[in-house]
1. Trypsin sites (Lys or Arg not before Pro) within the stretch 440-487: which are DSSP loop residues with at most 10 other Cβ atoms inside 10 Å?
2. When the distances between all Cα atoms of the stretch 30-173 are binned every 10 Å from zero, what whole-number percent does each bin get?
3. Among 587-593, 79-85, 607-613, how do they line up from the highest to the lowest mean number of other beta-carbon atoms within 10 Å?
4. Return one whole number: the accessible area per residue of the stretch 100-159 in Å², for a 1.4 Å probe.
5. Residues with amide H under 5 Å of Leu263's amide H, sequence separation 5 or more or different chain, H placed in the peptide plane at 1.01 Å from N; which?
6. Using per-residue counts of other Cβ atoms within 10 Å, averaged over each peptide, order 143-152, 363-372 from highest down.
7. Summarise the accessible area of the chain (1.4 Å probe, protein heavy atoms) by the percent that is carbon and sulfur.
8. Just the number: Rg to Rh for the chain, Cα atoms, Kirkwood Rh, two decimals.
Amino acid sequence: MPNHRSLHKSSLPNIGFSGQWQFWIDRGGTFTDIVAQRPDGSTCVHKLLSENPERYVDAPIQGIRELMGIEEGAPIPSSEIAVVKMGTTVATNALLERKGDRTLFITTQGFRDGLRIGYQNRPDIFARQIVLPEMLYEQVIEVNERMAADGTVVQAIDADEEQQIASVLKAAYEKGLRACAIAFIHGYRYPAHEQQVAAIAQQVGFTQISTSHQTSPLIKWVSRSDTTVVDAYLSPLLRRYVDRIEATLGRENDGEKDTAPQLLFMQSNGGLTPAQFFQGKDSILSGPAGGIVGAVQTSHAAGFNKIITFDMGGTSTDVAHFNGGEMSDEEQPGSFAYERVLETEVAGVRLRAPMMAIHTVAAGGGSVLKFDGTRYQVGPESAGAHPGPACYRNGGALTVTDCNVMVGKIQPQFFPNVFGPAGDQPLDHDAVTAKFSELAQQITSATGNRRSPEQIAEGFLEIAIDNMANAIKKISVQRGYDVGDYTLCCFGAAGGQHACRLAETLGMKTILIHPYAGVLSAYGMGLADRRVLKELSIELELTPDIMDELTEKMEALANSATSALKAQGARDIDTIDVIRQLYLRYAGTDSTLAVDFSAPAQMKRQFEKRYQQQYGITLPDKTLVVATATAEVVGKTHLPEQQTFSKNTPLTSASNATPSEIARVSLFSANEWHDTPVFQRDQLPTHHPVSGPAIILEA
């Protein structure tokens, strides 16, 4: 019986990146963060607004230009760049705004309305008016085909049916549709008919053809079909964006040597993949996944293996749970099996693809504040990058960020001057004060309750904190974990402003804020590995009799994933790590839990322990069913030099002297103003406590 995890040296070439630039980029909804490693090995950070049409077209490319000192319009010297690792919200935003490509859905006859009907879920059980999500596909074609559950061909696709399919596809093509999604009943296991129709679509000229047996080879027709449609809907848009980035980075040919930099994208499962392998279905959590990688890797390096990640950006807050347990000495960072979900719903669309188990709430620094005449409300609308919060000098509405300006947690004099139309002005404190004063008058007129502008800002912050605390409880307390035993790993541009109050609300005793916390999602791109994850539906009762069959299927899955990784032509991989897991469920239930692939008795104990923790009971009379097998291949890549990082960005001062404040400011907290000291983090002595309230600034 093979262990669930195996490690071996890769046969791929090991080529270093010394003497060249590396860029690790997170293109978020509000800000684009960049961490770069210079040719001399030192690191630097950069932050731009993701959208600033008056200054640049694409924030990641603009950031690369500014860091390398290249003038606008001049070509980027690709030979000086080793690799660009990027997470992007391009596909996520397209899904949220329904701006993907026009898509054709091809399915088995009789299932035209299957995705519209769905599972008949009622998210709001008391809603009197049900608003169904808009379907992503524009047109449906039904094919007279049918496979039985055992692979028997019930209705073959004959020559006449092929001609009819070609005719209908040509008509759709002439209407301008170029993307198609093909999902037949039982196609996940018996793909012959999907392959037959895909060949016809290719002959007609469709440029994006997504088949369910390749996109999501798992049982459950509804979510499998939805995932295939999402892939067809988003992949062309993603491809155009990737092509534009590749074209801008350019190629320089030195004889036969190709000097184009590697362009890698973060997938929703937490692994990097080359641009040409980046698919729409794997891009939904591209940016947040980088944050989880960065949080787990840096927390482990600091000695914390049980963490709650708290990533508060401009548009939303992402939280996740990680219980790494104890790792052996030979198990280096990068071998982590992250917590994932195989099925989720995003923007009203069901997705069956491996994703980081991230819970998101609309409570970011840019979440808009509202008063509806009786109550305060924070979000879900966001001011975005443009116009942004009121303090950004673009005429934006009041947001959570403006609350922190109002109460003094954000001091404009310590912020970079990157605001206003020309991107050269400080935050506008006067505009924030004026807007909160106006809001205070509205509240007094509507309720008779007289409150000061700073009290109103504090009230909105309390609501935002409660929203974030409830999100953390959902992924921890509601799943049987004692959040008090965990470290709050705080990052994101707005995270540090709220971490202490959030930890206090949750009863958490330890907060970890990495020196790169403001750009940790981007830093996580640099710490991430190549990953390929393959899945297979099993649906067999767990008994000793099936172990030989399971072992054979698991090894085939692992070999397939390893081959896929090597096919990417990775030249930056040191070792390959294979993680094998099974998703088990009780017979007659639908909820699965992951266990490491091992002996049946051991897997049963592991499943029952996790089931007891999450649901408070076990069902000993029920048999266990193996729902899905997964094999994850991790290609461990060259990580940034930790010595370089600590040399250029010291955590604290080596001195043991009393902390020296650089200024004193006014800060409103606990319903009163405080005369508050301000410290620079890199000047704080080691192991010397700072009494609050206080403001600590990063360099």
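The values are calculated or read from the model by the stated rules, or taken from the named source; none is laboratory data. If you're wondering where the values come from, they're calculated on a predicted model, not measured in any experiment. Because the Cβ atoms are built from the backbone with ideal geometry, glycine has one as well, and the counts that use them run over all protein chains shown. Ligands, DNA and RNA are excluded from the accessible area calculation, which covers all protein heavy atoms including side chains. Shrake-Rupley method; radii C 1.70, N 1.55, O 1.52, S 1.80 Å.
1. On the way: sites: Arg450, Arg451, Lys473, Lys474, Arg479; in loops: Arg450, Arg451.
When the trypsin sites (Lys or Arg not before Pro) of the stretch 440-487 are filtered for loop state and at most 10 Cβ neighbours within 10 Å, Arg450 remain.
2. 8, 22, 19, 17, 18, 15, 1
3. Numbers: 587-593: 13.0, 79-85: 21.4, 607-613: 16.4.
Descending packing order for the listed peptides: 79-85, 607-613, 587-593.
4. Averaged over the residues of the stretch 100-159, the accessible area is 65 Å².
5. Close amide H contacts, sequence-distant or interchain: Val84, Ala275.
6. Ranked by mean Cβ neighbours within 10 Å, highest first: 363-372, 143-152.
7. Details: 14590 of 30370 Å².
After summing per-atom areas, the C and S share lands at 48 percent.
8. On the way: Rg = 26.5 Å, Rh = 27.2 Å.
My calculation of the ratio gives 0.97.
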